[in-house]
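Let me begin by presenting the structure, written as structure tokens, before commenting on it.
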Amino acid sequence: MTPEVQVLLNTLWVVTAAILVFFMQAGFALVESGMVRAKNAINVIMKNYCDMCVGALGFWAVGYGLMFGLSPTGWFGTTKFAPNSAEPFEYTLLFFQMMFAATAATIVSGALAERIRFNAYLVGSFMITTLIYPIYGSWAWNDNGWLKQLGFIDFAGSTVVHTVGACCALAGLAALGPRTGRYAKDGTPRPIPGHNLPFVALGGFILWLGWFGFNAGSTTAADVGIGRIALNTHLAGCASVVGTIFLCGLLGRPVLLTSVVNASLAGLVAITAGCAFVTPGSAILIGLIAAPVMLLGEAFLDAFKLDDAVGAIPVHGFCGVWGTFAVGIFKESGVDVRQMCIQLLGSAAAFGFVFPVAYVMYRMIGSWMKLRVASVDEQRGLDYAEHGEVGYPEFQDGLLHGGTASTGAAPATRPATTNRPVIASPIGRN
Amino acid sequence: MTPEVQVLLNTLWVVTAAILVFFMQAGFALVESGMVRAKNAINVIMKNYCDMCVGALGFWAVGYGLMFGLSPTGWFGTTKFAPNSAEPFEYTLLFFQMMFAATAATIVSGALAERIRFNAYLVGSFMITTLIYPIYGSWAWNDNGWLKQLGFIDFAGSTVVHTVGACCALAGLAALGPRTGRYAKDGTPRPIPGHNLPFVALGGFILWLGWFGFNAGSTTAADVGIGRIALNTHLAGCASVVGTIFLCGLLGRPVLLTSVVNASLAGLVAITAGCAFVTPGSAILIGLIAAPVMLLGEAFLDAFKLDDAVGAIPVHGFCGVWGTFAVGIFKESGVDVRQMCIQLLGSAAAFGFVFPVAYVMYRMIGSWMKLRVASVDEQRGLDYAEHGEVGYPEFQDGLLHGGTASTGAAPATRPATTNRPVIASPIGRN
Amino acid sequence: MTPEVQVLLNTLWVVTAAILVFFMQAGFALVESGMVRAKNAINVIMKNYCDMCVGALGFWAVGYGLMFGLSPTGWFGTTKFAPNSAEPFEYTLLFFQMMFAATAATIVSGALAERIRFNAYLVGSFMITTLIYPIYGSWAWNDNGWLKQLGFIDFAGSTVVHTVGACCALAGLAALGPRTGRYAKDGTPRPIPGHNLPFVALGGFILWLGWFGFNAGSTTAADVGIGRIALNTHLAGCASVVGTIFLCGLLGRPVLLTSVVNASLAGLVAITAGCAFVTPGSAILIGLIAAPVMLLGEAFLDAFKLDDAVGAIPVHGFCGVWGTFAVGIFKESGVDVRQMCIQLLGSAAAFGFVFPVAYVMYRMIGSWMKLRVASVDEQRGLDYAEHGEVGYPEFQDGLLHGGTASTGAAPATRPATTNRPVIASPIGRN
């Protein structure tokens, strides 16, 4: 095969895969919006839509260079900033990596939903895409990165993308505190049901779709192995769902839609690190084990009153660690204790670097421009308070006119602390 | 072209097509969920999400081998079970075929919606993907299959996927009976409107999208002919919609969204068998004729009080037969009566094998674990009864708190036969 | 590289891109449906679903030949009508171009929403896809087209697709007049909020996804440059959103979801003409400037009481012109005043040909079969009046039974002028 043909094939495949990864943004937006209350549906979607936009400019200008530029020290790249005259295939890679950066950043939006201010969120997201994610990413994926030099394996980003995103989310949670009413005075968690579960399922399907590009595209080349990578990805997601159905049966719990969708994502996160190096049978095992790992992660967060509104940290954080570790167990060359240790080191490095840096960042943003909305705005909903609109104006009468949604109760007076334009009453509804 | 280049091109195309076929699951979920009442919206989606998961494991372990393993008798394959060390391209094919199996199984979920128990459905779906679909599939698509040896032509599965799925659905319908209230005492059908028609249209678009992978990917190779296949696919879907618009005009009926979406699917099913062998003009005719075939199918089912909740059988069954037969009429080499007979034989074999086997299976599942939900649960909705949650908790007040949805009527007492956790009341809705 | 490999690569890429462009139909349907009132949600989606279908048949039969057949005069093509025995790659191109034609036509549906009759709309849409779009298209894209011969550059259709679609929409608006209640007696515009903003965002994501196929597929060949084209496309969309966020901040306005989604589309339209000829930095500037261009376009329309229900004309028309002009400023060979003039000529030709022809067409359709629904039907909603169904029957009680939606007010009597079948009352809602 001539190099000319190879580079064309690589270009076609990587561009196609990047387009699929792009679409994961829509998946996140739907999953997260569906899992929050109607009064915050728009705010969460807006965070997804906009974090991708501010992040893309930052990643082009700075992030890509930090992550993939020449890295003499092994700690960050120093070239390839704001590329404007690169080789054609370099742009293809940049396009692909830009979508990965957006994925890492957008994991945060769901966890912090229903209370973080829109502007504060966007500033944090810009910093993650521009600095935090690329620096850690350079350790694992830059040819000269210190973790890569040690032999750390993270094929498509269980750690680089998912654990890093989850650590940012955890830092945000610690800085923000739980939503009002999420925990009773005695600490008992009180579930807050999402307003649109079909959106959650559709978002799950879209994320799954995008994951094929995420994992099989991480070859960054046309390769006969992408069929097995895609197959492994699919089987792990399926196995995690099957595991969850059985677990729910064993525990006597009903099988909830949110559990099933999150379980599929958990399996997909877990297979991400090793998808190119394990057999289909091992992929099934990795996915099966992701199911209890996610459940344990949920219990862990509740024990510490860390209110993750969509379960992002159990999925992306706990299962990211599991999947990264699993490479040492399941890779085709056999169980490898040294590899397991390196894998754990990589996960520890992600937590040890990302969590404190992101925590300090969110505190600084908070002291600069306030991190959390006012209590009255949280109650009222961030759609109204932050954007002056609501998601379903004809089905949320109360929110538009000052009453309570859909119950027909007497309208409350408009809170004095909000200073928003009155939304025009819909004209000619009937 | 070197074999190395050819296999890479084949891999890229077949993986891409398989990813598109995967996404059809989301299309089915939305079409079916949108066409049922809000109280069953989650249950239907859950069936789609989960049947794919249990089916994928079964198809990997058993189904693929039955369908594509060496088939000395021509009746089923005997090798390639649970493949763990296959050639790279074999995994690509398996990934593609796995998505086809999931499609066949998921056709059933819509037809049986609003009454079949979740667990019973999943067991049935597992059997279809693991045994029923692959055995019939081996007849038509295994190199040594007896139908293939006879000259049966079903390029992308009008019969193998769609008719087979529809026969399973029909068997389920016969075993389950119609939904309560669907037919008046004198047998007059009473339509039950779906709760979310925009979902139906979005699902239709997604299915259509996936169909390009379904049909053009069935080359299982990169081929210059895929452009015409995709074009034929599109034109047949379009023609069926245009035919339906004219038919509605002739009959003085309003043009309903559900009719238009189902018509597009009918045209797509019909062109599936012959898409690689007919001209664009013939594709338009095949699609046009699918429109009345679907309408006749609907009337036929109602005459027998077979309550197909989403019209799956007219679309996938009747138009699957039509499309398979049409190959004999429209293939480029000219009208071929012998081919028509073989095509009819293939359809008859699908019905004659799948319907009785699936019927016995559903009866056995029924005697083992009950097939149908209790009457009170059917009335209450399967979302609440089977999963303990509802799709839109803020817009379905009654369901959460014991009253009737959206009407504000006095709450009914909770039915004694359900034994589900009380759903937490949403916190801080306003 | 052998020609055999090249044509296979081209086929794979162009088919993949065309499939992505197809999916833009779903994006338009969601954006437009979400931006109108619930009572018209179905009607708008139906227009999108059906215009694609009637248009595809017309474009196959006539449009493709007019646009890409031999064009001896440079004004329209005269061969390649109803192709049934073409070369394989010709079908691939036809499939791709058919999706472009559908895009141009469907831009119209949103602008004219909530008042144009379904049948009248479909006739207009058929004429656009079959005649108006292909004739202008032949000027710019046919090898012998007079604009192309002059040196007009419109790589992927800022003018050919987007400005042409917007001019048709403008003509329709002029023929139809604004929606009842849209402007107060003193001319003050009164916003009419869309009923489902999450749909708008999902539609935006889907359009963005499809745009990668739209722009990067317009190479109509596998090319190492498609990575940069996709990157430029993405950066322009992102930059326009960032520009809008800053503009809203400067103007003290809340950041609305509809503004953000339309801004992203504005940036994508603007980069469409030049995506293959500019650097990423220039793409960012082109996108940034699209933000104020769109805002000015909105103000311009309101000044003339042109009631564009979804803001399609500012996005596709004004930003189409901007993007076409921007090629003269930003193309890599440097600022080129002569090119700028040619670009302006191309835009002027689009307006000068399309607007009057489409206006006359809509007037003729109006005198033949009425263009606008009756006032009572506009008030009642086109879903009920034109299709006899509503989008969310369980959440729009009033519409089904004669009362007002969701408020529980006393039912109005059914308007005497509508003559539709009574919709069956949902059975067993609880």
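See the values below:
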quantity	calculated
Peptide-level mean, for B:20-28, of C-beta atoms on other protein chains within 10 Å	4
Interchain or long-range residues, amide H under 5 Å from A:Tyr183's placed H	A:Arg190
Distance from the stretch B:8-58 to the stretch C:111-182 (C-alpha centre basis), Å	36 Å
Shielded residues, the stretch C:46-70 - accessible-area loss of 30 Å² or more between chain alone and all protein chains, probe 1.4 Å	C:Met46, C:Tyr49, C:Cys50, C:Met52, C:Cys53, C:Leu57, C:Trp60
Simple spin-label estimate for A:Arg253 and C:Leu250 in nanometres, 7 Å along Cα-Cβ	5.1 nm
Cβ-Cβ FRET estimate between B:Tyr183 and B:Val376, R0 fixed at 22 Å, reported to 0.05	0.65
Chain A: DSSP helices with Cα axial extent of at least 27 Å and average Kyte-Doolittle hydropathy no lower than -1.0	A:3-35, A:88-111, A:197-216, A:226-251, A:280-303, A:337-369
Chymotrypsin sites (Phe, Trp or Tyr not before Pro) lying in DSSP loop within the stretch C:271-349, provided at most 14 other Cβ fall within 10 Å	C:Phe304
7 Å along Cα→Cβ, label-point gaps from A:Ser85 to other copies, nm, shortest first	5.4, 5.4
FRET efficiency, C:Thr220 to A:Asn84 (Cβ-Cβ, R0 35 Å, nearest 0.05)	0.85
A versus C: buried accessible surface, summed, Å² (probe 1.4 Å, to nearest 100)	5400 Å²
Amide hydrogen neighbours beyond the local backbone of C:Arg372, cut-off 5 Å, H modeled	C:Arg117
Residues in the stretch B:126-152 that a label on B:Cys341 would reach, taking backbone N under 14 Å of a point 7 Å out along Cα→Cβ	B:150-152
Cα convex hull volume per residue for the stretch C:29-177 (Å³)	107 Å³
Exposure rank, largest accessible area first [B:Leu93, B:Leu131; 1.4 Å]	B:Leu131, B:Leu93
Across the identical copies, how the B:Val337 labels are spaced - nm, sorted shortest first, 7 Å along Cα→Cβ	7.9, 7.9
Sulfur and carbon atoms: percent of accessible area, chain C [1.4 Å]	66 percent
Whichever aspartates and glutamates have a C-alpha closer than 20 Å to that of A:Lys47, once near sequence neighbours (fewer than 8 apart) are set aside	A:Glu32, A:Glu114, A:Asp307, A:Asp308, A:Asp377, A:Glu378, A:Asp383, A:Glu386, A:Glu389
Rounded FRET efficiency, nearest 0.05, which uses the C-beta distance separating A:Arg190 from A:Val360 and R0 of 35 Å	0.70
For chain B, Cys with no neighbouring Cys Cβ under 4.7 Å	B:Cys50, B:Cys167, B:Cys168, B:Cys248, B:Cys275, B:Cys319, B:Cys341
Near-label residues of the stretch A:161-202 by backbone N, under 19 Å of a point 7 Å along Cα→Cβ of A:Phe353	A:161-172
Cβ-vector label at 7 Å, A:Pro356, separations to other copies in nm	7.4, 7.4
Sites matching trypsin sites (Lys or Arg not before Pro) across the stretch B:359-388 that sit in DSSP coil, with at most 15 neighbouring C-beta atoms within 10 Å	B:Lys370
Farthest toward positive dipole pole in chain A [+1 Lys/Arg, -1 Asp/Glu at C-beta], among A:Leu301, A:Ile206, A:Gly334	A:Leu301
1.4 Å probe accessible area per residue over the stretch C:3-369, in Å²	26 Å²
Gap separating the Cα centres of the stretch A:187-218 and the stretch B:210-258, nearest whole Å	30 Å
Net charge dipole size for chain B [Lys, Arg +1 and Asp, Glu -1 on Cβ; Debye, nearest 20]	980 debye
Span from the the stretch B:350-380 Cα centroid across to the the stretch C:295-310 one, whole angstrom	57 Å
Percent breakdown of C-alpha pair distances by 10 Å bin, ordered from the shortest bin, for the stretch B:3-369	6, 26, 37, 23, 7, 1, 0
Gyration tensor (alpha-carbon) shape descriptor, the protein assembly as shown, a/c threshold 1.5	rounded
Largest to smallest principal axis extent of the C-alpha atoms in the stretch C:1-107, angstrom	54, 34, 23
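The values are calculated or read from the model by the stated rules, or taken from the named source; none is laboratory data. Every value quoted in this text rests on a predicted model; they were computed, and no experiment measured them. Note that we place each Cβ from the backbone using ideal geometry, even for glycine, and neighbour counts take in every protein chain shown. In case anyone asks, the SASA skips ligands and DNA or RNA and just uses the protein heavy atoms, side chains included. Shrake-Rupley method; radii C 1.70, N 1.55, O 1.52, S 1.80 Å.
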